[in-house]
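First up is the structure itself, then whatever we jot down about it.
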Amino acid sequence: MARRSDHTREELTRMALDAAHSITAREGLRGLRARQIARDIGYTIGTLYNLFEDLDDLILHMNGETLDALYAVCAEVRLKGEPVEDLEALAERYLDFTHGHPQQWSAVFEHKLPHGRVLPEWYSEKVARLMALEAQALAPLFPNGDPEEIEHHARVLWTSLFGMALVESAGRLPEGETARSLVRSLIETYVAGLNGAPAR
């Protein structure tokens, strides 16, 4: 085992999170164990728990980085004020990311905190930042700018997108269907409904 003085706290934190990402990518969240992380970085479990409150805290930080990575990809989309086009562009980025990082993305939704423990504010802010991109794409449909209504519809689309991607990853879509085709139909129909017009 390496000595604690071999690395700074910041370096150790980075090493632990990198190891957690690597293990999760190979084995999924169920394969993530504190002992394995400590072994991979060459330190003791005690050192690991000097960096994080517990394994749940470490997973939250790992998942937070996954949310940051997804946000960075989606934020590259230049919104044009055309809801269907903008929402489809964001969905494409989302699906590309989740297809490229299936285990890490699954970990975001699989991880459950112990009963009575709430998500820290910094984590909720990362989720809200992603949701805000959907809301921004929907905003032209709401000239009165009701934030709560826009947020509600953004949440509907976000959770629907996740569900379609999940069903596809589980291999449960009928032959010839893809998450992308379903998402396009959902967005076009949903936006048409908000416009009070028939879907294309």
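Among Ile45, Ile187, Ile23, the largest mean-square fluctuation in a Gaussian network model of the chain, built with springs joining Cα atoms closer than 10 Å, belongs to Ile45.
FRET efficiency for the Leu119 to Glu175 pair, using the beta carbon distance and R₀ = 30 Å, is estimated at 0.20.
Considering helices alone, the calculated mean residue ellipticity of the chain at 222 nm is -23000 deg cm²/dmol, with DSSP H runs of length four and up weighted by -39500 (n - 2.57) and normalised per residue. A Gaussian network model of the chain, with springs between Cα atoms under 10 Å, assigns the largest mean-square fluctuation among Arg93, Arg30, Arg155 to Arg30. Based on C-alpha pairs under 8 angstrom that are at least 6 apart in sequence, region 84-200 has a relative contact order of 31 percent.
Over region 84-191, the alpha carbon radius of gyration divided by the compact-protein estimate 2.2 N^0.38 Å works out to 1.15. Stokes-Einstein D for the chain at 25 °C, 0.890 mPa s, Kirkwood Rh over Cα pairs, in µm²/s? The calculation lands on 131 µm²/s. Applying both filters, DSSP loop and at most 16 other Cβ atoms within 10 Å, to the chymotrypsin sites (Phe, Trp or Tyr not before Pro) of region 105-194 eliminates every site. Springs between Cα atoms under 10 Å define the GNM used for the chain, and in it the highest mean-square fluctuation of His153, His21, His115 occurs at His115. With a Förster radius of 45 Å applied to the C-beta separation of Phe142 and Glu27, the computed FRET efficiency comes to 0.55. Charge dipole (Cα centre; +1 on Lys/Arg Cβ, -1 on Asp/Glu Cβ; no other charges) of the chain amounts to roughly 680 debye.
None of the figures in this text is laboratory data; all of them are computed from the coordinates on show. Fair warning: this is a prediction, and the values are worked out from it, not measured in the lab. Backbone-built Cβ (ideal geometry, glycine too); neighbour counts: all protein chains shown.
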